[in-house]
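The values are calculated or read from the model by the stated rules, or taken from the named source; none is laboratory data. Remember, it's a predicted structure, so these values are computed and weren't measured experimentally. So basically every Cβ, Gly included, is an ideal-geometry build from the backbone, and we count neighbours across all protein chains shown. We work out accessible area using only protein heavy atoms, side chains counted, and drop any ligands, DNA or RNA first. Shrake-Rupley method; radii C 1.70, N 1.55, O 1.52, S 1.80 Å.
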Amino acid sequence: MDAKNADLAALRINRSPESAAAAPPGRRRRWLTIGLPAALLVLASVVVIAGGALGSALPVHLTPATMVSPIRSGAVLVASGYVVAQRKAAVASKGTGRLVYLGVVEGDRVRAGQVIARIEDADVKAQLAQAQANVQVSRAELHDAERALARERFLGDSGYSSEANLDAAEARSLRVKAGIAAAEAAVDAAQVALENTVIRAPFDGTVLTKNADVGEVVAPLAASAFSKSAVVTIADLRSLQVEADVAESNLETVSPGQPCEIVLDAYPDVRYPGAVAKIVPTADRAKATVQVKVAFRSYDARVLSEMSAKVHFLPRPSSVAVDTQSVLVVPSSAVAERNGRSVVYVVERGRAVEMPVVVGRQVGSSVAIREGLRPGVPVIDSVAGRLRDGARVKVQ
């Protein structure tokens, strides 16, 4: 028992003043002067790093770097619209029947008068044959009626026939002649009906859509839910224009013949010259707009009907800039000065990345980028004062 108590006593911590005084005073002062500031510095670094990692990201918007012409910066108005063919037709049959032949598909070019399709014509041909036979019968009756009339006239001159018989013979001859005219008219009607079974192109153009297939019933007015009215839709692609809606308040800036620049949404880097062809003399009360038709001065095969487009209405040629070379531009607010150089910011993995650029002249509300950026690269459109390289951002 005494040995056990002795072991426990050996393990007891000595808290006497003598033991505290045994530690050298210099070591305690050294810990206070070196260790405590170092610990505070480490704690501050952890707080700063945690604040950067856990702080809220800056909300930003992106805009692509685009190629524009300086002439576009002087546009007095920009309107949206669609490419529309001014000559367009839904080609249908005047007769009713089952489609037995269709000779075109989408994209085929057709000439005026070319046979596009045919509907069944056996019944119409039978009617034509019957009308032609009726003409032959009437002509045979006419031959008999004329001989009878000649005979009655001879007998009347000889005094062997009455005037009543002569009048009857003349009336019969007139009736037969009228019957022949009616029969010939029936032949013409049957020939027209037969021609109506052939569907021809009304003008030179291109097939846009195919609305019916072989075996389907076509009718002039689509008399039932199971019949089709139009067989194909064709358009003259040489008559393409852009129909744009211009607000009534901006109509005074548009005039016939005014130069324009047309940009298709499908090809934003391609510019097509145009001019105002017509201002439609009526307004849309629901939208408070007036339709303006803009004609292409030149375009290529990439321009298709019903494409969406933007029309830049330009000043008159006397005030248009001479320089028409396309340049790469970004909004002026997207360029910032950092350490004496111009930079823009792109977003990579949720952080802003600084890209040095060489800026050029001012183009409207944008600035030209001469070096350091490629077309189509999205950049932060408005650089805030606290935006720095590596900052966390959130694209809105």
Practice task
Search the range 76-92 for residues being among the β-branched types (V, I, T) and farther than 30 Å from S365 by Cα, and hand back the single one that is surrounded by the most Cβ atoms within 10 Å (Cβ to Cβ).
Solution key: V91
Practice task
Could you please let me know if L251 is in contact (Cβ under 8 Å) with a residue 24 or more places away in the chain and more than 30 Å from V377 (Cβ to Cβ)?
Solution key: yes
Exercise for the section: With the checklist (1) loosely packed, with under 14 Cβ neighbours inside 10 Å; (2) part of a loop (DSSP other than H, G, I, E, B); (3) not hydrophobic (A, V, I, L, M, F, W, C) in hand, flag the one item P375 doesn't pass. Expected result: (1)
Practice task
Among what's in the range 93-114 and is open to solvent by 40 Å² or more (accessible area, probe 1.4 Å) and in a strand (DSSP E or B), pick the residue that is nearest to I199 (Cα to Cα).
Solution key: Y101
Practice task
Of the numbered conditions (1) open to solvent by less than 80 Å² (accessible area, probe 1.4 Å); (2) over 19 Å from D381 (Cβ atoms), R271 fails exactly one; give the number of that condition.
Solution key: (1)
Fill in the blank from the handout: Flagged in the range 115-150 as out of contact with any Phe, Trp or Tyr (no Cβ under 6 Å at 6 or more places or on another chain), outside any helix (DSSP H, G or I) and open to solvent by 70 Å² or more (accessible area, probe 1.4 Å), in numbering order, are E120
Exercise for the section: Could you list, in sequence order, all residues of the range 312-339 that are among the small types (G, A, S) and at pLDDT 85 or above? Expected result: S332, S333, A334, A336
Fill in the blank from the handout: When (1) out of contact with any strand residue (DSSP E or B) (no Cβ under 8 Å at 6 or more places or on another chain); (2) touching a residue at least 12 places away in the same chain (Cβ under 8 Å); (3) open to solvent by less than 70 Å² (accessible area, probe 1.4 Å) are applied to S162, the one that fails is (2)
Practice task
Would you please list the contacts, defined by Cβ atoms under 9 Å and residues six or more apart or on different chains, that run from a residue in the range 344-357 that is loosely packed, with under 15 Cβ neighbours inside 10 Å to a residue that is polar (S, T, N, Q) and assigned to a strand (DSSP E or B)?
Solution key: P356/S342
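Looking only at residues that are in a loop (DSSP other than H, G, I, E, B) and modelled with pLDDT of 85 or more in the range 213-233, which one is most open to solvent (accessible area, probe 1.4 Å)?
Selected residue: V214.
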